[in-house]
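Single-structure report; data block below.
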Amino acid sequence: MAHHPIRLGSDHQRVHIVSVYHNTHLCATDVMDPEHRRVVTGKPNSLQDTSDYTHLKEWRLVPSRDGEFYGIIHHQYNEPLVAAPDDLAHDKDRRTVLTWIPGPSLGLQCLWDIKHAPEGHYLIESVQYGEYLYASDHPSKDKVFTWRKKEDPLNKQFYWDIININ
């Protein structure tokens with residue numbers, strides 16, 4: 001069950017989602033296949049700070065019908081963030097995180113539970129899989145996954161800041 005003292009999102013509220021571990025923004029980038037776009041974390045100074053980069057890091061948090069969970073929709077592409085099915089998983093411990101190119105859906109695979117974490121940060125959990133979004137530090141620091149080992153303790157790799165930019 002979600003624990004939100006205030007509403008985090010609406011169709012019109014744009015946000016940045018920032019990895020606490022790397023201090024980098026969650027970004028949608030290039031097309032992986034006809035149905036999926038890659039999602040990475042990227043530092044603003046690692047890319048030219050152009051309007052293109054600005055648009056890559058803008059998301060919307062859209063409440064589910066019952067208001068308990070959120071769709072995380074890439075603002076420019078209008079694509080929901082999804083934890084990939086098993087056939088697209090990175091390995092047995094990490095599930096790849098992508099956007100779904102066919103567009104918004106608030107089906108189970110597109111819903112996330114956003115929970116409070118220590119120090120004002122958030123945990124973002126896939127409703128379908130019960131796995132937390134995290135910013136990897138191996139093998140490449142820009143990868144974003146969900147962590148499949150539910151018994152492992154959470155650390156700052158799992159913490160995110162959600163910043164309203166409207």
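The values are calculated or read from the model by the stated rules, or taken from the named source; none is laboratory data. What you see is a predicted model; the values in this text were computed from it and never measured. Neighbour counts run over all protein chains shown; Cβ positions are idealised from the backbone, glycine included.
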Self-check item: Residue within the stretch 104-120 that is surrounded by fewer than 20 Cβ atoms within 10 Å (Cβ to Cβ) and under 17 Å from V40 (Cα atoms) present
Solution: no
Quiz prompt | Of all residues in the stretch 14-46 being surrounded by fewer than 16 Cβ atoms within 10 Å (Cβ to Cβ) and part of a loop (DSSP other than H, G, I, E, B), the one that is modelled with the lowest pLDDT | solution = K43
Exercise. Inspect all residues belonging to the stretch 128-150 and state whether any of them is part of a loop (DSSP other than H, G, I, E, B) and aliphatic (A, V, I, L, M).
Key: no
Self-check item: Filter pass, E151 being free of Cβ contacts under 8 Å to residues at least 12 places away in the same chain and among the charged types (D, E, K, R)
Solution: yes
Quiz item: Got a sec? Which of D161, D66 is under 14 Å from Y21 (Cα atoms), at pLDDT 80 or above and not aliphatic (A, V, I, L, M)?
Solution: D161
Quiz prompt | D137 vs. criteria surrounded by fewer than 18 Cβ atoms within 10 Å (Cβ to Cβ) and either at positive phi or free of Cβ contacts under 8 Å to residues at least 12 places away in the same chain (or both) | solution = no
